[in-house]
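Read the structure below first, then the notes.
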Amino acid sequence: MKTIALQSETAQDVHAQAYDLAHHMRPGVLQLPALPPLSLYLHLPWCLRKCPYCDFNSHAAPPGELPQAAYIDALIADLETALPLVWGRPVHSIFMGGGTPSLFAPQEIDRLLSAVRARLPLTPDCEISMEANPGTFERDRFRAFAQAGVTRLSLGVQSFNDAHLQALGRVHDGAQARAALEEAARSFATFNLDLMYALPGQSMAQLEADVHQALDFAPPHLSIYHLTIEPNTYFAKFPPALPEDDMAYSMLDRITELTGLAGLERYEVSAYARAGHRCLHNLNYWQFGDYLGLGAGAHSKLSFAHRVVRQSRLRDPRLYLERAAQGRALAENQDVRRADLPFEYMLNALRLRDGFDLQAFRDRTGLPLSTIENALAQAQAKGLVTRDAVHVGPTVKGFDFLSDLQSIFLDAA
């Protein structure tokens, strides 16, 4: 894997090379027939409080201390520098994540989106999502975000149970969550509700109460995540008592049952949606599309005729603010190794209940099907996938044991 280290004596030259389209278009071992759809990810890294389970690049800061205008300036400068790599490519979706992007003033979000529109063509149906925290909820603020061009709000509710919210370190309570959801439904044609399950001390009855309350708001999209203990988090140092694995599996079965009865389809491991409301931005990730990530710690995956490239930005917001204006926001720029592409593709595509077309694998990786034939045969023999001449999809068993299925492709190429 070719990696460019950006903290070196020749960092200025390395940055110039990393942003040079001709450098990325040089001959290579892959043959991509066409470029996949392009999405834009914008990372706004501040929260009111760092949650004990969170391993994202987020930092606690009071709203009055946020360098809002300066950070938006840095994002725009970062975009300007990266434009040669995506020039002229239409953007199909934009996602503002964090952190808590809703801490930023609507006028700053408006300025950011206006700057994006001035520099990149957006498709007519471009989905523009924004994460929000019920603890930052203000009625006029949600409406102002919609007026700025946000088409889809994603609310991090996690639970309606005040005791569980306190255990998770959330800054809102159940009443604030319900009020925020009511306003989201009024302000946006589509919105997402985030829940977590297998929480400290959570019973099946409490899980069912959370799901029923969520479904009462008729969310077009529902994301439900198993609480996991991630390295380098507060919970990793001081782990809480979580439900046993068997209970967690039973909870997931009950979630799938209740959401199905409410008309939501489980189309991805953790995502449930009504018809026409799947998250287009996340679908592009899962289908191995391209995305340009801007902001502190943001990651990108960009395709060229003969290679797939991954980039990451500097994680420290203060350093990012300083370097983005100089065109030096990158921390890493690397070609994805040919041998790693099958696993990277399957890590995403097999999360989808519908699976993937074999032609899509060829188009997105530039590899022949022979590179995954043995792994596919092994997965089929274990009852983890079904396949025909054009399509592959996970079985119920494959969906339940997704990590085992994905790992088969680790050494495929």
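The values are calculated or read from the model by the stated rules, or taken from the named source; none is laboratory data. Computed from a predicted structure; not experimentally measured. Cβ placement follows ideal geometry from the backbone for every residue including glycine, while neighbour counts extend to all protein chains displayed.
Computed values, structure above
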quantity	calculated
Residue that is of a type outside the set (A, V, I, L, M, F, W, C) and under 25 Å from G276 (Cα atoms), where the choices are Y249, Y234, Y225	Y225
Scope the range 73-99; condition crowded, with 24+ Cβ neighbours inside 10 Å, within 19 Å of the chain's Cα centre (by Cα) and within 21 Å of L319 (Cα to Cα); matching residues	L75, M96, G98, G99
Residue match in the range 177-200 (condition: in contact (Cβ under 8 Å) with a residue 40 or more places away in the chain, in contact with a His (Cβ under 7 Å, 6 or more places away or on another chain) and either among the aromatic types (F, W, Y) or in a helix (DSSP H, G or I) (or both))	yes
Candidates P101, P67, P90, P45 - the one that is closer than 23 Å to A324 by Cβ, free of Cβ contacts under 8 Å to residues at least 60 places away in the same chain and not polar (S, T, N, Q)	P101
Residue in the range 114-121 that is outside any helix (DSSP H, G or I), touching a His at 6+ places or on another chain (Cβ under 6 Å) and over 21 Å from C47 (Cα atoms) present	no
Positions within the range 66-116 being among the β-branched types (V, I, T) and under 25 Å from E138 (Cα atoms), in sequence order	I72, I94, T100, I109
Residue tally, condition assigned to a helix (DSSP H, G or I), surrounded by fewer than 17 Cβ atoms within 10 Å (Cβ to Cβ) and out of contact with any Lys or Arg (no Cβ under 7 Å at 6 or more places or on another chain), over the range 207-247	9
Leading residue by the ranking (farthest from H226 (Cα to Cα)) among those in the range 254-280 that are buried (at least 16 other Cβ atoms within 10 Å of the Cβ) and aliphatic (A, V, I, L, M)	L280
Residue that is farthest from the chain's Cα centre (by Cα), among those in the range 287-315 that are of a type in the set (F, W, Y) and crowded, with 21+ Cβ neighbours inside 10 Å	F288
Whichever residue in the range 50-72 is in contact with a strand residue (DSSP E or B) (Cβ under 8 Å, 6 or more places away or on another chain) and not in a loop (DSSP other than H, G, I, E, B) and, among such residues, is surrounded by the fewest Cβ atoms within 10 Å (Cβ to Cβ)	A60
Residue among R278, R254 that is assigned to a loop (DSSP other than H, G, I, E, B), over 30 Å from A60 (Cα atoms) and at pLDDT 95 or above	R278
Cross-chain or 6+ apart pairs with Cβ under 7 Å, the range 210-228 first and assigned by TED's automatic domain parsing to the domain that holds A179 and under 14 Å from N192 (Cα atoms), then modelled with pLDDT of 95 or more and β-branched (V, I, T)	V211/I255; P220/T190; H221/T190; L222/T259; I224/I255
Failed item in (1) among the charged types (D, E, K, R); (2) crowded, with 23+ Cβ neighbours inside 10 Å; (3) free of Cβ contacts under 8 Å to residues at least 24 places away in the same chain, with D162 passing the rest	(2)
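Residue-by-condition table, conditions (1) in a helix (DSSP H, G or I); (2) closer than 24 Å to D253 by Cα:
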{"position": "S370", "(1), (2)": "yes, no"}
{"position": "L376", "(1), (2)": "yes, no"}
{"position": "A379", "(1), (2)": "yes, yes"}
{"position": "G383", "(1), (2)": "no, yes"}
{"position": "T386", "(1), (2)": "no, yes"}
{"position": "A389", "(1), (2)": "no, no"}
{"position": "K397", "(1), (2)": "yes, yes"}
{"position": "L405", "(1), (2)": "yes, yes"}
{"position": "L410", "(1), (2)": "no, no"}
